[in-house]
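Undergrad: Handing you this structure, nothing more for now.
The values are calculated or read from the model by the stated rules, or taken from the named source; none is laboratory data. Bear in mind that the values here come from a model prediction, so they are computed numbers and not experimental data. FYI the Cβ positions are ideal-geometry reconstructions off the backbone, even for glycines, and counts take in every protein chain you see. Areas reflect the complete protein model, heavy atoms only, side chains present, ligands, DNA and RNA absent. Shrake-Rupley method; radii C 1.70, N 1.55, O 1.52, S 1.80 Å.
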Amino acid sequence: MDRYDLSVRELKLARRDARANRTIVRLSNGAAFGSQALALCAGPCSVESAEQIEATAAAVARAGANVLRGGAYKPRTSPYAFQGLGLEGLKLLRAAADRHGLAVVTEVLDPRDVKAVAAHADMLQIGARNMQNFALLREAGESGLPVLLKRGIAATVEEWLMAAEYVLVAGNPHVVLCERGIRSFDSATRNLLDLSVVPLLAEITHLPVIVDPSHGTGIARLVEPMALAGIAAGADGLLVEVHPDPPNAASDGPQSLTPQEFATMVARLRGVAAAVGRSLPTASVAA
Ligand code: PEP
Ligand code: MN
């Protein structure tokens, strides 16, 4: 028996055989997670200004992304670090995405903010630090909006799937899992990107899985190779941090790609995607 034979545990709705087909999570601009075409989510760690988010949205849309990411509410290790622009950030993100035909994924930190975030976003991101915030999972479930559920920094596959189960059991079937690296003994990289979960999850669950090589490595130079590896492993898409001026980013500059680096990465992704029977997203109309 495999170590991760979850058949005897309490996974009811997320388990692979609970559905005839794999789940495809679709956003209103046509972006899809789990279809033949990949989902490419890109943007800054934090929304910083109208100029910054506009420049990033324009560049990632041109390069082939179909979802704009950007944090308006930031989970920072230090309470003295930049906490995000809040509601103003949500508005800037929405406006920039709409100008370029992109959907919006952004993190919600607090159950009390779910309604405000849902009013501006196409998809709610639940971050690694909140993966087992059960009140937040329930509230996100009740919103009915697609949920991007990141893996907790020390979460087992079983704990991660049970967190997804909270959203599903609240009546929301639109859940995408995001592998973003786990904490390891080795500080050579920020986290240890666990790509082995990608094919493993495909056996256990019908939910789509994407890979975040930015938080997964913490080092911009490592983002492209790990993005290619994630797609080769069977991921349904990527979440990548892109900033017009990484050295001056308010958060996560060292792991952020420049728009040019992102465009180069997407170009190289095409061949890897084709090798595993996938395609890049079709260009967004307003890009
Ligand atoms: C982020 O996406 O910027 C973020 C804070 O991610 P994580 O929750 O994976 O640390
Ligand atoms: Mn970040």
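Undergrad: Only one of these conditions is not met by Asn248: (1) without any contact (Cβ under 8 Å) to a residue 40 or more places away in the chain; (2) within 16 Å of ligand 2 (Cβ to nearest atom); (3) in contact with a helix residue (DSSP H, G or I) (Cβ under 9 Å, 6 or more places away or on another chain); (4) open to solvent by 10 Å² or more (accessible area, probe 1.4 Å). Which number is it?
TA: (3)
Undergrad: Show me the helices (runs of 4 or more DSSP H) entirely contained within the range 165-247 in which 2 or more residues are within 16 Å of ligand 1 (Cβ to nearest atom), modelled with pLDDT of 95 or more and polar (S, T, N, Q).
TA: On the way: elements: 197-204, 213-217, 220-232.
Because the criterion is at least 2 residues that are within 16 Å of ligand 1 (Cβ to nearest atom), modelled with pLDDT of 95 or more and polar (S, T, N, Q), the helices (runs of 4 or more DSSP H) in the range 165-247 that meet it are 213-217.
Undergrad: Name the residues in the range 166-180 that are of a type in the set (A, V, I, L, M) and open to solvent by less than 40 Å² (accessible area, probe 1.4 Å), would you? Steps first, answer last, please.
TA: Filtering the range 166-180 down to residues of a type in the set (A, V, I, L, M) leaves 167-170, 175-177.
Result: Val167, Leu168, Ala170, Val175, Val176, Leu177.
Undergrad: Find the residue count for the range 251-275, including only residues that are within 16 Å of ligand 1 (Cβ to nearest atom) and either assigned to a helix (DSSP H, G or I) or open to solvent by 10 Å² or more (accessible area, probe 1.4 Å) (or both).
TA: Step one: list which residues in the range 251-275 are within 16 Å of ligand 1 (Cβ to nearest atom), which gives 251-257, 262.
Next, only the ones that are either assigned to a helix (DSSP H, G or I) or open to solvent by 10 Å² or more (accessible area, probe 1.4 Å) (or both) stay: 252-255, 262.
Adding up the residues that qualify gives 5.
Undergrad: Here is a follow-up. Of Ala37, Ala81, Ala20, which residue is free of Cβ contacts under 8 Å to residues at least 24 places away in the same chain and of a type in the set (A, V, I, L, M)?
TA: Working: Ala37 fails: free of Cβ contacts under 8 Å to residues at least 24 places away in the same chain; Ala81 fails: free of Cβ contacts under 8 Å to residues at least 24 places away in the same chain.
From the options Ala37, Ala81, Ala20, the qualifying one is Ala20.
Undergrad: Among residues belonging to the range 29-47 that are open to solvent by 10 Å² or more (accessible area, probe 1.4 Å) and at positive phi, point out the one that is farthest from ligand 1 (Cβ to nearest atom).
TA: Filtering the range 29-47 for residues open to solvent by 10 Å² or more (accessible area, probe 1.4 Å) gives 29-30, 34-37.
With the extra rule that they be at positive phi, the set shrinks to 30, 34.
On the way: Gly30: 23, Gly34: 20 Å.
Looking at the filtered set, the residue picked out is Gly30.
Undergrad: What do you reckon, is Ala37 more than 16 Å from ligand 2 (Cβ to nearest atom) and modelled with pLDDT of 95 or more?
TA: Taking the combined requirement at face value, the residue satisfies it.
Undergrad: Of all residues being more than 16 Å from ligand 2 (Cβ to nearest atom) and under 18 Å from Pro208 (Cβ atoms) in the range 139-148, which is surrounded by the fewest Cβ atoms within 10 Å (Cβ to Cβ)? Just the residue, please. Steps first, answer last, please.
TA: In the first step, residues of the range 139-148 are kept if they are more than 16 Å from ligand 2 (Cβ to nearest atom); the result is 139-147.
Keeping just the survivors that are under 18 Å from Pro208 (Cβ atoms) gives 140-141, 144-147.
On the way: Ala140: 29, Gly141: 24, Gly144: 13, Leu145: 19, Pro146: 25, Val147: 28.
Ranking the candidates gives Gly144 first.
Undergrad: When the range 181-199 is examined, which residues are found to be of a type in the set (A, V, I, L, M), closer than 14 Å to Arg151 by Cα and open to solvent by 10 Å² or more (accessible area, probe 1.4 Å)?
TA: Of the range 181-199, the ones of a type in the set (A, V, I, L, M) are 182, 188, 192-193, 195, 197-198.
Those still in the list that are closer than 14 Å to Arg151 by Cα too: 182, 192-193, 195, 197-198.
Answer for the range 181-199, where residues must be of a type in the set (A, V, I, L, M), closer than 14 Å to Arg151 by Cα and open to solvent by 10 Å² or more (accessible area, probe 1.4 Å): Ile182, Leu192, Leu193, Leu195.
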